[in-house]
Structure formats: structure tokens, C-alpha cells
Amino acid sequence: MADTIFEYAPAPESRSIVDIRPSYGLFVDGAFVDGHGKSFKTISPATEEVLAEVAEADEADVDLAVKAARRAYDRVWSKMPGRERAKYLYRIARTIQERSRELAVLESLDNGKPIKESRDVDVPTVAAHFFYYAGWADKLAYAMPHSAGRGADPQPLGVAGQIIPWNFPLLMLAWKIAPALACGNTVVLKPAETTPLTALLFAEICQQADLPPGVVNIVTGAGATGQALVGHPDVDKVAFTGSTEVGKAIARTVAGTTKRVTLELGGKAANIVFDDAPLDQAVEGIVNGIFFNQGHVCCAGSRLLVQESIADELLAKLKRRMSTLRVGDPLDKNTDIGAINSAEQLAKIRELSEIGEAEGAGRWSPECELPSNGFWFPPTLFTGVSQAHRIAREEIFGPVLSVLTFRTPSEAVEKANNTPYGLSAGVWTDKGSRILSMANQLRAGVVWANTFNKFDPTSPFGGYKESGYGREGGRHGLEAYLK
Ligand code: NDP
């Protein structure tokens, strides 16, 4: 009898819950307004279907948004007691929970990420951020006991200009807006050009929560809109997440001004597996580390450092596991790897992968059928990678894993730290003492032990070296928004 091959039946999440308008204006002073400039299209990266037209804010639009934020800051938000600000944040958090399916479907449509991630990771973590910082709004004196006089509340900075990337559109919005508002600042936020829709839905949630006009303003657009925001003289604080290159340009723009800056930039994290690690769990952690969100993750475990004695066994298990990953429709509940966010990003992933092959590394992907429309890349691993290879040094920002080996713990530390970045790292071992010793030596803002890509609003996140400066999340995340 021939072997029966069982296939998954399609399990698509309905998109009828989202109501995408044909066009969107900017969200300024509590209302949607037309921009002065042009507009641009946002598409679904899984199908290349146009989802909506979105206004492109020019300098005059950014100026109006900053003025609205300043008025709201001076007249309302900075004067409001923390316990009252907290009520708004709690209301926003609850509305996010109530509208979570809508937010998750819209995020998957505009970004290309699998619905099981937007539904189970992104949106719940977004709500958790607002709940968490709502709790701090009336306790700021305890968050930074040494900054103000005893018992006095530390003071907000003013207007925050916030620029976020496309990989976690709603989650990065929450990381930026929740602590800023809790501390009494007002904000002008620019989402990424390819993923503006959930930020605009968030603007509706601000209206639904009766947030005073001007406290949150959303200006959509491309790099020039971001530049106008960073350069605006009445912005007191710039918060940026994105590429190291743009981060450096922002640092140059604000140098010599009184603006405060936090930068959360790229990464090339080492995920280190020792010979005493529970291998099956490590394989799950490696897969989660690099294939979560198509590898569009600044803290992705993109360099696997495996102890030489177990390399063959681990790689065999990893390949077997990678062969079960399902690539395809982001709205299908069984999908593990969705679409690459844009044609540009796909071109970059392809180019670096070709460079990896040309430099002599061994390339492997499981057999997988990719949809004909949209932007797709199969889960890929490279073996025989040396530290000098570009695929071991540069952020690929896609589902591509570079595998290196080591013999001793000190060699692992040396290789892990041999990078211009320093955002995150992972350690897999049975020994608690080894975890502590590795964590002390690894030059990375976050070190995960026997897990990877775990995010929690109570935990600070940020980098060393070219991964940027400042911390987001936790009590530390408040410091970036207080005098
Ligand atoms: P960018 O750094 O260009 O984008 C991040 C944000 O900054 C976007 O909102 C972008 O707008 C905006 N921006 C672009 N130029 C400027 C500027 N001069 N001044 C102010 N804001 C600006 O990242 P890309 O999207 O171009 O991605 C390029 C590479 O960066 C990726 O391949 C990846 O390696 C890395 N990256 C890292 C991220 C991280 O979290 N560490 C996140 C995203 C990317 P717009 O989207 O309209 O261009």
C-alpha cells in the first residue's frame, strides 16, 4: 500500500473583521486630517494587493503635529495627575484587548507576519505594555527615587518624536507611546512606510478612549517625514528603532542640540548551544530565534554557535525540524513563516545569501513551495561559516541562519562578542553556573538562557555598541522620558 501523505487543510482567519478605508489622512490634534503632500500606497506583501492610500506628511504637516503635541503638553497632559493619565492608558489597553482580533488581522495583512504570531505574541504584548505603564503613571517618584526631591514626582521631557520600523509595527508603537504618555509627555509618531495601518487603527482607539486631542499624533510617510520630525526644533526627545545607518544619521542631526535621544538599532545575536544542552529544546529555541517573524527581528539569533562535539547531531535535528515549517499565507492559522515585508527587503536577503554562497559557506533549505505572488524566502541555513564571512557579520534581517562551531566556553564568548552589535544573545546549557558566567561575559543587552525571543514589558531591552543606546521596557524605560 502506498504511503498516505497527510496535508494540512487551509485554516484561514477571516479578514472580514477589518474595515480598511480606501484612503487615510494624518492623525493630528485628535482628528484625521488631509496632508499637504502626496500620498502613497500600502500593500499586502503576501499578495501585492493595494490595501489603502496613505497621506505622506511633509514638513508643514509635521510642524502642525508637533504644535498640537506642544499645546496638549502645556495645557493638559503635563498638568494632569498621574492617576488620571493612568485611567486613559488602562482604557487604551482594554480597548486593544477588545479589538485584538481586528488588530492582529490588520497587522498580518499589512506586514506579512503569520496570524498566530500577531494574535498570540504581538497584540497581547502590546496590551501588556499599556497595562504595565498605566501602573507606573502615578508612581513615578518610586521609579526614580534619586532624580527629584524626596516624594516629588520626576518631570516629563515635553514633546517626543518617535520613529518606528516595519517589523513589529504595533508592538514598537506600544514600546514608544506607553512609557512616554505614562510619564506625562505627548508624542508625534511616524510609522514605517510599508506598515502604517495598525498605527492608524491605534489612532481610532485613542479617539475611542477619549484621549485629549494632541496627546498622540500619527504622521505617516517615508524617510523624509522622519527627518522632518527629528529635525523639528520643538521636539524635546527623539526615540528611534531601525537600522544602524539611519540611527547614526539621527545622532548626527541632534548632536549639539538639547534633544534627548534613545536609539534601538540592529543586531547579530549569537545563540550558543553547549554539549550538555537539552538538544530538542535547543532546536525549538533556534527555530524561534531565527524564523520567528521571518527573521525580521533586531534581536534574532542569526548566528548559531554550536559546540563542535554535538554539531552534527544538532544540525540533523535542526534540518528535520526546519522541514516541518510551513511557509505561506500569513492569515492561515497553520502558517509558521509568512511573507517578507517588501521587495527591497527580499532583494537584500537574496543578495546576502548569494554572497554567503560565493564566500564558500554551504547553503541549505528544506523543500518548500513558495506562492507565486508576493515576497517570499524559504527558511535557510548556512554551514561552514567563518567569522569573516559577511553573513556572519551583517544583519540579514530575514529567515537565514549562519552556523559556526566552537570548542571551549572562552572560544564561544570570543566569537559571540566578535560583532559590531550587542543587542541580545542566547545560551543553552544544563549548568546554571555556566549560564551566569556566560551572561557576565557576553556583551549584549539581553541574554536569554535556555529560551529565546521572550519579551515582557517589565524587562528592559536595549543594546551595546552599534545596537544603540538607552533602554526600553521596565522601570528603566521610564528614565528615557523623564528629566
Ligand atoms: P530604516 O532604519 O530606514 O527605517 C526605520 C524607520 O526610520 C522607518 O520609519 C523609516 O521610514 C525611518 N527613516 C528612514 N530614513 C530616515 C531618516 N533619514 N530620518 C528619520 N527617519 C528615517 O530601516 P529600513 O526599513 O530601511 O530597513 C533597512 C535595514 O535596517 C533592514 O534590512 C534591517 O537590516 C535593518 N532594520 C533593523 C531594525 C531593528 O529593529 N533593529 C528594524 C528595521 C530595519 P521608512 O520606513 O518610510 O523608510
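Quick note: the coordinates plus some simple rules give every number you see, no bench work behind them. As the structure is a computational prediction, the values presented were derived from the model and not from experiment. Heads up, the Cβs are rebuilt from the backbone with ideal geometry, glycines too, and the neighbour counts pull from every protein chain shown.
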Quiz item: Of the residues 318, 325, which is part of a helix (DSSP H, G or I) and in contact with a strand residue (DSSP E or B) (Cβ under 8 Å, 6 or more places away or on another chain)?
Solution: 318
Quiz item: In the range 16-54, how many residues are within 29 Å of residue 335 (Cβ to Cβ) and surrounded by 15 or more Cβ atoms within 10 Å (Cβ to Cβ)?
Solution: 14
Quiz item: Hey, does the range 328-336 have a residue that's within 13 Å of the ligand (Cβ to nearest atom) and either assigned to a strand (DSSP E or B) or surrounded by 22 or more Cβ atoms within 10 Å (Cβ to Cβ) (or both)?
Solution: no
Self-check item: Wholly enclosed helices (runs of 4 or more DSSP H) of the range 85-194 bearing at least 2 residues farther than 20 Å from residue 208 by Cα and without any contact (Cβ under 8 Å) to a residue 60 or more places away in the chain
Solution: 140-143
Self-check item: Qualifying positions in the range 327-364 - more than 19 Å from residue 391 (Cβ to Cβ) and basic (Lys, Arg)
Solution: 333
Quiz item: On the given criteria, is residue 29 in contact with a Pro (Cβ under 7 Å, 6 or more places away or on another chain), of a type outside the set (A, V, I, L, M) and under 28 Å from residue 155 (Cβ atoms)?
Solution: yes
Practice problem: Please give the strands (runs of 3 or more DSSP E) falling wholly within the range 354-449 in which 3 or more residues are touching a Leu at 6+ places or on another chain (Cβ under 7 Å) and touching a residue at least 60 places away in the same chain (Cβ under 8 Å). | Solution: 400-406
Exercise. Go through (1) assigned to a strand (DSSP E or B); (2) among the polar types (S, T, N, Q); (3) surrounded by fewer than 22 Cβ atoms within 10 Å (Cβ to Cβ) and name the single condition residue 271 misses.
Key: (3)
Quiz item: If you take the residues in the range 278-288 that are more than 21 Å from residue 417 (Cα to Cα) and either assigned to a loop (DSSP other than H, G, I, E, B) or among the hydrophobic types (A, V, I, L, M, F, W, C) (or both), which one is nearest to the ligand (Cβ to nearest atom)?
Solution: 287
Quiz prompt | Complete set of residues in the range 233-261 that are among the β-branched types (Val, Ile, Thr) and either more than 8 Å from the ligand (Cβ to nearest atom) or within 18 Å of the chain's Cα centre (by Cα) (or both) | solution = 235, 238, 241, 244, 246, 254, 257, 258, 261
Practice problem: Of all residues in the range 296-315, count the ones that are under 30 Å from residue 410 (Cβ atoms) and assigned to a loop (DSSP other than H, G, I, E, B). | Solution: 6
Quiz item: Given the conditions (1) within 30 Å of residue 328 (Cβ to Cβ); (2) aliphatic (A, V, I, L, M); (3) buried (at least 22 other Cβ atoms within 10 Å of the Cβ), and given that residue 425 satisfies all but one, which numbered condition is not satisfied?
Solution: (1)
Quiz item: Could you say whether any residue in the range 160-168 is surrounded by fewer than 23 Cβ atoms within 10 Å (Cβ to Cβ) and under 14 Å from residue 69 (Cβ atoms)?
Solution: no
Quiz item: Does the range 396-418 include one or more residues that are crowded, with 23+ Cβ neighbours inside 10 Å, of a type in the set (Ser, Thr, Tyr) and in contact with a strand residue (DSSP E or B) (Cβ under 9 Å, 6 or more places away or on another chain)?
Solution: yes
Self-check item: Of all residues making up the range 237-268, the number that are crowded, with 19+ Cβ neighbours inside 10 Å, outside any loop (DSSP other than H, G, I, E, B) and of a type in the set (Gly, Ala, Ser)
Solution: 2
Quiz item: Which one is nearest to the ligand (Cβ to nearest atom) among residues in the range 196-232 that are outside any helix (DSSP H, G or I), of a type outside the set (Val, Ile, Thr) and within 25 Å of residue 80 (Cα to Cα)?
Solution: 217
